[in-house]
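Enquirer: One structure follows; several queries about it will come next.
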Amino acid sequence: MVVTPKRSPFMLVVHAITFLLVATWFLPTLGLFVTSIRDRDQISVSGWWTALTGATQSKVFRAPGADGQKEQGGAFVISAHVFNGGQGRVSAFGISSLAPRAYQPGQSVSLRDGSVLTLRADGILTIESAKRITRRRGQRVFLEATLPPRFTLENYGEVIGAENLSQSFFNSLAVAVPATVFPIIIAAFAAYALAWMEFPGRRVVLVGVVGLLVVPIQMTLIPLLTVYNQIGAYWGGATKSYLGIWMAHTGFGLPLAIYLLHNYMAGLPKEVIEAARVDGATHLELFYKIVLPLSFPALASLAIFQFLWVWNDLLVAIVFLGAGDEHLVLTGRLNNLLCTHGGRWHILAASAFVTIAVPLCVFFGLQRYLVRGLLAGAVK
Amino acid sequence: MEQLILGLLAATLGVGGSVAYFFIANSILDRIYPVSTSSSNPKIQSLLTRNMRISGAVRPWLFVLPALLFLTTFLVYPIVKTAQLSFFDASNGRFVAFDNWQWLFFDAGFHEAMLNNTLWLIVVPTLATFLGLVIAGLTDRIWWGRIAQSVVLMPMAISFVGASVIWKFVYDYRAEGGQQIGLLNAIVVFFGGEPQAWITLYFWNNFFLMVILIWMQAGFAMVILAAALRAVPEETIEAAVIDGAGPVHIFFRIKIPQIWGAIGVVWTTITILVLKVFDIVFALTNAQWNTEVLANLMFSWMFRGGGHFGRGAAIALVIMLLVIPIMIWNIRRANLEMKDH
């Protein structure tokens, strides 16, 4: 390692640039998360960063007119709360659009008809007049106020209940679990054979697997969809079924699974295997008693990768499971919401977070295995 | 909820079934061609040897058979079939020879997609690899490097659609004068600029979409390249230090030349992903404002107006052809590695 003094200007630059880069990577996700727990009205009027510090806004409030006046102690009074019962602090106000911040909270202003208007910092507005107030339309008051950020879990409630996200959650889980487990089992046996058994054609299969690793899924969709449709028509049942998507994901996931597991198994210490063979172990026993337990790290990495891949997948789900409401997986549902609820961020943010909650948990909990898998060549 | 139970049941059955297959197939093989016996009759011994040979030759195929079946059914057959289908009409009924290809050659949507894909292919792998390299190099030297790497890697775990929502929020646009709630426009306004509807700006919107993919893939590049950097032999670095080289010089002149292999792997892997990605464009713009890419175009033609499978197949084949150079390179490398075994 090159030794540089810890506090040299060079290290400072390193820290600074790294911080900028990390911030760029972190802020977008943070923004969406903060938005998902914000009050829905606040989302559309102030940036999410203000929720962490408090937002100053300009508002226009129209006080009640002559109908709202009451007679109190010899004077006629109109009173109102500019925050409509909510919280806030007025920092400045005005009665003309030309000077919207002319007055401090607590000050009194004389209006044209002789009445006196006072706006307090806590938002209570009073207009007092000795004689009856005659103007029918209420006085417009311009004010600058700081609204405290309001956090809530309502958005999540709405999204899980009304938008049928919980159904999609279970759909995603129902697709992902078998689609993770099948390929691993099948690949484990194949990888063992490719690593520790001698047979002609072994190299051809391996080379084939490597080649298949990069094949784009688009090449497989049309024929498979046609076949599924034909099978479905023959059996008279629905063409889009869970069995179909499980099989498809198994097929798509096998090249990577075999590649990863083969590399790992081939790297296991030869002596252990040889010793067991000498002791008379059959290949099957070798497999499930020695090689499989030793391959646990690779199996774990593979499981995580396959699970994330299937959970995050959109294309295969739409094609093989359909976009019908009850079959939609989380990614499909989120995509729909993007199209139909374009600007309603309180819904979009909460939905997005429900969708990415599971992958994030998997990531933070099992990052070690994810990294190891990446290093072993797990890429799709 | 029923689907979940169905899923768990299927998983158990599937696992149980496959395991059962392997064990049963193995037993049957051993039944037919037994390899051990208590007798010491020499004739039986030679029979055993013969059995061992036969079962030794058959057994591997038992192990790989399910995998081969799945691979053939779900990958090899469809690839060949899709190539064939590109010469057929919309519902795969009539053979139309080069009609689809002729249409493709002149189609405006295809031109737009090819142009955009070229941009994507040039920008995304390069920037993602470069950023991954920079972050790997930087985080290696600081005490909070692990946390930084974790943050940068995190976007790899989420779906493309999720990332699209996150960035759509960053790119949000409000008319000038209104309070900006999108981070990018807020920054632009803060520095005195005018807010823009970034995703709708012709030509430049592609780059804003690319940012999403770069954001997601730089972490992958970082992980691979960080490991590669750590694997650079100490002696080469020490020699440079003795010669008086500074850290920057060492990074660019000593370390990077020795990790070209890893850079190549990262670069090609991301390239393939760029060709396959359809979710980002599909979710954010659905090809409006000239953002069409091949993967999205193929999807459109698969389902547009009932679906034109012939054209969809042609487009898929184009994607495949673009991937083939990388496939050959990978196969060559794998072959070389296997020769060393």
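Enquirer: Within region A:357-380, does at least one residue satisfy the condition of being over 19 Å from the mean Cα position of the chain (by Cα), charged (D, E, K, R) and within 8 Å of chain B (Cβ to nearest Cβ)?
Expert: Yes.
Enquirer: Looking only at strands (runs of 3 or more DSSP E) that lie completely in region A:90-149, which have at least 2 residues being at pLDDT below 85?
Expert: Working: elements: A:108-110, A:116-119, A:124-129, A:140-147.
Where strands (runs of 3 or more DSSP E) fall fully within region A:90-149 and carry at least 2 residues being at pLDDT below 85, they are A:140-147.
Enquirer: Something else now. Looking only at region A:187-212, how many residues end up being within 8 Å of another protein chain (Cβ to nearest Cβ) and buried (at least 16 other Cβ atoms within 10 Å of the Cβ)?
Expert: Residues meeting the conditions: 17.
Enquirer: Considering only residues that are assigned to a loop (DSSP other than H, G, I, E, B) and in contact (Cβ under 8 Å) with a residue 40 or more places away in the chain, look in region A:51-73 and name the one that is nearest to A:Leu117 (Cα to Cα).
Expert: Filtering region A:51-73 for residues that are assigned to a loop (DSSP other than H, G, I, E, B) and in contact (Cβ under 8 Å) with a residue 40 or more places away in the chain, the one nearest to A:Leu117 (Cα to Cα) comes out as A:Ala63.
Enquirer: What is the residue count in region A:326-341 for residues that are within 9 Å of chain B (Cβ to nearest Cβ) and either touching a strand residue (DSSP E or B) at 6+ places or on another chain (Cβ under 7 Å) or without any contact (Cβ under 8 Å) to a residue 24 or more places away in the chain (or both)?
Expert: 4
Enquirer: Take the conditions within 30 Å of B:Gly307 (Cα to Cα), modelled with pLDDT under 90 and surrounded by fewer than 18 Cβ atoms within 10 Å (Cβ to Cβ) and apply them to B:Ala57. Does it pass?
Expert: It is false that B:Ala57 is within 30 Å of B:Gly307 (Cα to Cα), modelled with pLDDT under 90 and surrounded by fewer than 18 Cβ atoms within 10 Å (Cβ to Cβ).
Let's see how each residue does on (1) surrounded by 21 or more Cβ atoms within 10 Å (Cβ to Cβ); (2) under 30 Å from B:Ala157 (Cβ atoms); (3) at the interface with another protein chain (Cβ under 8 Å from one of its Cβ atoms):
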position: B:Glu194; (1), (2), (3): no, no, no
position: B:Ala197; (1), (2), (3): no, yes, no
position: B:Trp204; (1), (2), (3): no, yes, no
position: B:Met216; (1), (2), (3): yes, yes, no
position: B:Met222; (1), (2), (3): yes, yes, no
position: B:Ala226; (1), (2), (3): yes, yes, no
position: B:Pro233; (1), (2), (3): no, no, no
position: B:Val241; (1), (2), (3): no, no, yes
position: B:Gly244; (1), (2), (3): no, no, no
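Enquirer: So, one more: Name the one entry in A:Ala266, A:Ala349, A:Ala276, A:Ala323 that is facing another protein chain (nearest Cβ under 8 Å), small (Gly, Ala, Ser) and surrounded by fewer than 18 Cβ atoms within 10 Å (Cβ to Cβ).
Expert: A:Ala266
Enquirer: Exactly one condition in (1) within 11 Å of chain A (Cβ to nearest Cβ); (2) within 24 Å of A:Thr355 (Cβ to Cβ); (3) assigned to a helix (DSSP H, G or I) is false for B:Ala128; which is it?
Expert: Only one criterion in (1) within 11 Å of chain A (Cβ to nearest Cβ); (2) within 24 Å of A:Thr355 (Cβ to Cβ); (3) assigned to a helix (DSSP H, G or I) is unmet by B:Ala128, namely (1).
Enquirer: For a quick check of your reading of the model, give me the residue pairs whose first member lies in region B:176-188 and is within 7 Å of chain A (Cβ to nearest Cβ) and surrounded by 15 or more Cβ atoms within 10 Å (Cβ to Cβ), whose second is among the acidic types (Asp, Glu) and not in a helix (DSSP H, G or I), with beta-carbon atoms closer than 7 Å and at least 6 apart or on different chains.
Expert: Going by the 7 Å Cβ cut-off, the qualifying pairs are B:Ile181/B:Asp172.
Enquirer: Among the numbered criteria (1) surrounded by fewer than 20 Cβ atoms within 10 Å (Cβ to Cβ); (2) more than 9 Å from chain B (Cβ to nearest Cβ); (3) polar (S, T, N, Q), which one does A:Thr226 miss?
Expert: Failing condition for A:Thr226: (2).
Enquirer: What are the residues in region A:164-208 that are outside any helix (DSSP H, G or I) and either charged (D, E, K, R) or more than 32 Å from the chain's Cα centre (by Cα) (or both), if any? First the steps, then the outcome.
Expert: Start the filter on region A:164-208 by keeping residues that are outside any helix (DSSP H, G or I), which leaves A:164, A:197-201.
Residues satisfying the conditions are A:Met197, A:Glu198, A:Phe199, A:Pro200, A:Gly201.
The values are calculated or read from the model by the stated rules, or taken from the named source; none is laboratory data. Note that the structure is a prediction, hence the values are computed from the model and not measured. Quick reminder, even Gly has a Cβ in these numbers, built from the backbone with ideal geometry, and neighbours come from all protein chains shown.
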